[in-house]
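The values are calculated or read from the model by the stated rules, or taken from the named source; none is laboratory data. Here the structure is a predicted model, which means the values were calculated and not measured. All Cβ positions, even for glycine, are placed from backbone atoms using ideal geometry, and neighbour counts span all protein chains on display. What goes into the accessible areas is simple: the full protein's heavy atoms, side chains included, and nothing from ligands, DNA or RNA. Shrake-Rupley method; radii C 1.70, N 1.55, O 1.52, S 1.80 Å.
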Amino acid sequence: KTKRRKMSRAVLQVFEKYQAARTAFVQTVAELAHRPQNIEALQNAGVMSLLRPLLLDTVASIQQSAALALGRLANYSEELAEAVVMNEVLPQLVYSLEKQNRFYKKTAAFVLKAVAKHSPQLAKAVVDAKSLDALVGCLREFEPSVKEAACWALGYIARHTAPLAQAVVDAGAVPLLVL
């Protein structure tokens, strides 16, 4: 019995180390992505493909930090925003947007805004990922920071073209934006 406990403790320690390593990695990348001088090195290291699976991690704080890092990267340039789209990150974000806590929702809306701001094509990619209903849902949230992040994302989508603006209107955003 004692041997079994030692064995299960050893197994548990392996998983704890794995979680600690994922946490340290994703938090460090999010911090590095905050500084423009690090962006190219992160991109060359293949950071997008490393962050994507962490959006589905079992630990919520890891998911949120991965989304924050992706948002900071997408915010930096149109090229990186396109990489977020090409790595099929948007559907994962939209899916999680409806199921996560307020901290994740704010971060996911930030990523959608960061992608949408660069061009009409990227804004359309955000819409095509079925983000509008999720973003409008965020406008109904109690948390002001979630509402604000959703407003920014919807604004960046709508500003590019009349059809994109109409899509935001058709999604029901306007009544929730008017006080």
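Across region 90-108, which residue is least open to solvent (accessible area, probe 1.4 Å) among those that are of a type in the set (D, E, K, R) and either under 21 Å from ALA21 (Cβ atoms) or without any contact (Cβ under 8 Å) to a residue 40 or more places away in the chain (or both)?
Kept after step one, since they are of a type in the set (D, E, K, R), are these residues of region 90-108: 98-99, 102, 105-106.
Still in the list and also either under 21 Å from ALA21 (Cβ atoms) or without any contact (Cβ under 8 Å) to a residue 40 or more places away in the chain (or both): 98-99.
Working: GLU98: 109, LYS99: 128 Å².
The qualifying residue least open to solvent (accessible area, probe 1.4 Å) is GLU98.
Restricting attention to helices (runs of 4 or more DSSP H) lying wholly within region 21-89, give those where 2 or more residues are modelled with pLDDT of 90 or more and open to solvent by less than 10 Å² (accessible area, probe 1.4 Å). Steps first, please.
Working: elements: 36-44, 47-51, 60-76, 78-86.
The qualifying helices (runs of 4 or more DSSP H) are 47-51, 60-76, 78-86.
Taking helices (runs of 4 or more DSSP H) that fall entirely within region 128-179, which contain at least 3 residues that are open to solvent by 50 Å² or more (accessible area, probe 1.4 Å)?
Qualifying helices (runs of 4 or more DSSP H): 144-158, 162-170, 173-177.
Determine which member of the set ALA173, ALA162 is touching a Leu at 6+ places or on another chain (Cβ under 8 Å) and of a type outside the set (D, E, K, R).
Values: ALA162 fails: touching a Leu at 6+ places or on another chain (Cβ under 8 Å).
One residue alone meets the criteria, ALA173.
Would you mind telling me which numbered condition in (1) more than 12 Å from the chain's Cα centre (by Cα); (2) surrounded by fewer than 24 Cβ atoms within 10 Å (Cβ to Cβ) ALA123 fails?
(2)
What are the pairs, 6+ residues apart or on separate chains, where a residue within region 129-148 that is free of Cβ contacts under 8 Å to residues at least 60 places away in the same chain has its Cβ under 7 Å from a residue that is outside any helix (DSSP H, G or I) and open to solvent by 10 Å² or more (accessible area, probe 1.4 Å)?
As it stands, the answer is LEU132/ALA171; ASP133/ALA171; ALA134/GLU98; VAL136/ALA171; VAL136/GLY172; GLY137/GLU98; LYS147/GLU141, since those pairs meet every condition given.
Within region 109-120, which residues are in a helix (DSSP H, G or I) and open to solvent by 10 Å² or more (accessible area, probe 1.4 Å)?
Answer for region 109-120, where residues must be in a helix (DSSP H, G or I) and open to solvent by 10 Å² or more (accessible area, probe 1.4 Å): PHE110, LYS113, PRO120.
Which of the following residues is within 11 Å of the chain's Cα centre (by Cα), over 30 Å from PHE15 (Cβ atoms) and not acidic (Asp, Glu): ALA114, ALA153?
ALA114
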